[in-house]
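Colleague: Got a structure here, written out as structure tokens. Questions coming.
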Amino acid sequence: MTSAAEDRWFMASALRLSRLHTGQTGTNPSVGCVVVKDGEVVGSAVTAPGGRPHAETQALEIAGEKARGATVYVTLEPCSHYGRTPPCANALVEAGVARVVISLTDPDPRVSGRGIAILREAGIVVETGLMEEEGRRALAAYLTRQTKGRPHVTLKLAVSANGMLGRRGEEVSITGPEARAQVHRLRAEADAILVGIGTVLSDDPELTVRISGLENRSPIRIVLDRRMELPLDSTLVRTALDVPVIAVAEPGSVLQVEGGAASRSTAKGDLATKAAALQAAGVEIMDSSELDILLAILAVRGMSSLLVEGGATVAKAFLDADLVDRVLLFQGSGIVGEGGLESPLTPSDMPAEFKLVREESFGPDSCFEYERGF
């Protein structure tokens with residue numbers, strides 16, 4: 001019989017495994033599973049990229065006959081429904097495991113409670129809730145999509161020591177190379193990344209993952225561009241056939257163009273021509289007037305996590321719409337003087353609903369991670 005401390009140690013191992021494939025498992029959660037027999041790990045696995053095979057079946061295959069009578073630590077309730085593969089709960093029963101320790105029950109109505117019931121009906125000891133807070137953090141994207149019908153939203157901001165995002169009309173490096181490398185790792189874990197058209201026009205960003213070996217994990221790139229101002233010669237458009245780009249235009253935005261009926265008609269034709277050119281370059285045009293509707297559409301399309309890297313306007317829009325789940329605030333050591341763009345958030349001025357959960361250093365810069373509770 002393992003002690004409480006040993007249980008936590010093995011579950012922590014399963015949680016570390018689960019993070020290895022964050023952002024790579026499609027609509028499925030990235031689950032970690034560890035099989036332990038007589039205090040020894042005899043099998044361990046994480047959900048494979050693309051979502052199949054599941055962690056439990058892989059770990060059981062590794063363990064082989066040693067799985068009989070073993071304890072299994074899994075970060076999410078084993079599935080109980082038939083899909084492209086048989087249920088993991090049934091596989092655990094067939095393997096003859098004696099005990100299953102679960103961090104989180106699955107909110108998916110096809111699974112919730114059923115996987116646990118299958119195990120208990122087979123005489124397997126089941127314990128739930130171990131390291132639940134850590135489990136929720138590791139599976140935040142999956143849980144948000146299941147419970148809220150939208151992707152989990154991380155707002156990333158880089159602010160100077162005096163709380164500025166940059167300077168008007170000028171690109172300013174707020175943080176150093178270590179912090180920027182961490183941002184690329186964040187992108188590699190996200191299904192999509194979003195900025196406003198202002199960021200594109202001023203910075204001409206690429207918004208891809210530029211870490212050796214992780215280039216193929218660049219997220220879908222989304223631009224809030226209500227009047228379709230995305231330049232045809234921008235980096236995003238030129239690379240749209242390599243990494244998908246979505247331009248989100250506001251329905252009926254053509255009617256907001258100043259001028260009379262004739263100018264509106266001309267503007268409509270111009271926008272239609274621009275839209276056709278963007279589409280020919282590989283850019284998808286999507287109409288959405290509200291952020292919550294946009295996020296619901298993204299969730300239906302299988303996106304579970306969204307990294308918002310926009311400037312002050314986009315950040316404020318997401319905050320005002322109450323759509324931010326996590327804030328990553330990178331703070332540089334330098335200051336921005338005259339013409340500085342003030343950040344809507346700073347480490348000394350965070351909304352009460354966000355709790356500081358981690359503080360890290362990346363070279364001379366600091367990163368403050370805040371989380372909104374589920």
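The values are calculated or read from the model by the stated rules, or taken from the named source; none is laboratory data. Predicted model only: the values in this text are computed from it and were never measured. No Cβ is skipped: glycine too gets one built from the backbone with ideal geometry, and neighbour counts run over all protein chains shown. These area figures cover heavy atoms from the full protein model, side chains too; ligands, DNA and RNA do not enter into them. Shrake-Rupley method; radii C 1.70, N 1.55, O 1.52, S 1.80 Å.
Colleague: Does residue 206 satisfy the criteria of being closer than 19 Å to residue 236 by Cα and loosely packed, with under 15 Cβ neighbours inside 10 Å?
Modeller: Values: closer than 19 Å to residue 236 by Cα: yes; loosely packed, with under 15 Cβ neighbours inside 10 Å: no.
It is false that residue 206 is closer than 19 Å to residue 236 by Cα and loosely packed, with under 15 Cβ neighbours inside 10 Å.
Colleague: Would you mention how many residues in the stretch 89-130 are of a type in the set (D, E, K, R) and over 25 Å from residue 39 (Cβ atoms)? Break it down stepwise before answering.
Modeller: Start the filter on the stretch 89-130 by keeping residues that are of a type in the set (D, E, K, R), which leaves 94, 99, 106, 108, 110, 114, 120-121, 127.
This time we only want the ones that are over 25 Å from residue 39 (Cβ atoms), so: 106, 108, 110, 114, 121.
Going through the stretch 89-130 one residue at a time, the tally reaches 5.
Colleague: Residue by residue through the stretch 109-136, note down the ones that are in contact with a strand residue (DSSP E or B) (Cβ under 9 Å, 6 or more places away or on another chain), open to solvent by 50 Å² or more (accessible area, probe 1.4 Å) and either acidic (Asp, Glu) or assigned to a helix (DSSP H, G or I) (or both).
Modeller: Matches in the stretch 109-136: 120, 127, 132, 134, 136.
Colleague: Any residue in the stretch 159-172 that is surrounded by fewer than 18 Cβ atoms within 10 Å (Cβ to Cβ), at pLDDT 95 or above and more than 26 Å from residue 348 (Cα to Cα)?
Modeller: The answer is no, given that none of the residues of the stretch 159-172 is surrounded by fewer than 18 Cβ atoms within 10 Å (Cβ to Cβ), at pLDDT 95 or above and more than 26 Å from residue 348 (Cα to Cα).
Colleague: Here is a follow-up. Out of the stretch 181-235, which residues are among the charged types (D, E, K, R), in contact with a helix residue (DSSP H, G or I) (Cβ under 9 Å, 6 or more places away or on another chain) and under 18 Å from residue 281 (Cα atoms)?
Modeller: 204, 206, 221, 225, 227, 229
Colleague: Pairs, please: C-beta under 9 Å, at least 6 apart or cross-chain, first residue closer than 25 Å to residue 181 by Cβ and assigned to a strand (DSSP E or B) and in the stretch 350-374, second among the small types (Gly, Ala, Ser) and open to solvent by 40 Å² or more (accessible area, probe 1.4 Å)?
Modeller: Pairs found: 365/333; 366/333; 367/361.
Colleague: Just to be sure, is residue 311 surrounded by fewer than 20 Cβ atoms within 10 Å (Cβ to Cβ) and in contact with a helix residue (DSSP H, G or I) (Cβ under 6 Å, 6 or more places away or on another chain)?
Modeller: Criteria met by residue 311.
Colleague: Considering the stretch 262-286 alone, what residues qualify as being of a type outside the set (S, T, N, Q), open to solvent by 70 Å² or more (accessible area, probe 1.4 Å), more than 19 Å from residue 201 (Cβ to Cβ) and modelled with pLDDT under 90?
Modeller: In the first step, residues of the stretch 262-286 are kept if they are of a type outside the set (S, T, N, Q); the result is 262, 264, 267-272, 274-278, 280-286.
Within this subset, residues satisfying the condition of being open to solvent by 70 Å² or more (accessible area, probe 1.4 Å) are 262, 264, 268, 270, 280.
Those left that are additionally more than 19 Å from residue 201 (Cβ to Cβ): 262, 264, 268, 280.
Listed by number, the residues that qualify are 262, 264, 268.
Colleague: Which of the residues that make up the stretch 19-74 are among the β-branched types (Val, Ile, Thr), open to solvent by less than 30 Å² (accessible area, probe 1.4 Å) and assigned to a strand (DSSP E or B)? First the steps, then the outcome.
Modeller: Our first condition is that a residue be among the β-branched types (Val, Ile, Thr); within the stretch 19-74, this holds for 22, 25, 27, 31, 34-36, 41-42, 46-47, 57, 62, 71-72, 74.
Of the ones still in play, those that are also open to solvent by less than 30 Å² (accessible area, probe 1.4 Å) are 25, 31, 34-36, 42, 46-47, 71-72, 74.
Within the stretch 19-74, 34, 35, 36, 42, 46, 71, 72, 74 qualify.
Colleague: Another question about this same structure. Confirm whether residue 92 is over 21 Å from residue 29 (Cβ atoms) and surrounded by 18 or more Cβ atoms within 10 Å (Cβ to Cβ). Reasoning before the result, please.
Modeller: Values: over 21 Å from residue 29 (Cβ atoms): no; surrounded by 18 or more Cβ atoms within 10 Å (Cβ to Cβ): yes.
Spelling it out, it is not the case that residue 92 is over 21 Å from residue 29 (Cβ atoms) and surrounded by 18 or more Cβ atoms within 10 Å (Cβ to Cβ).
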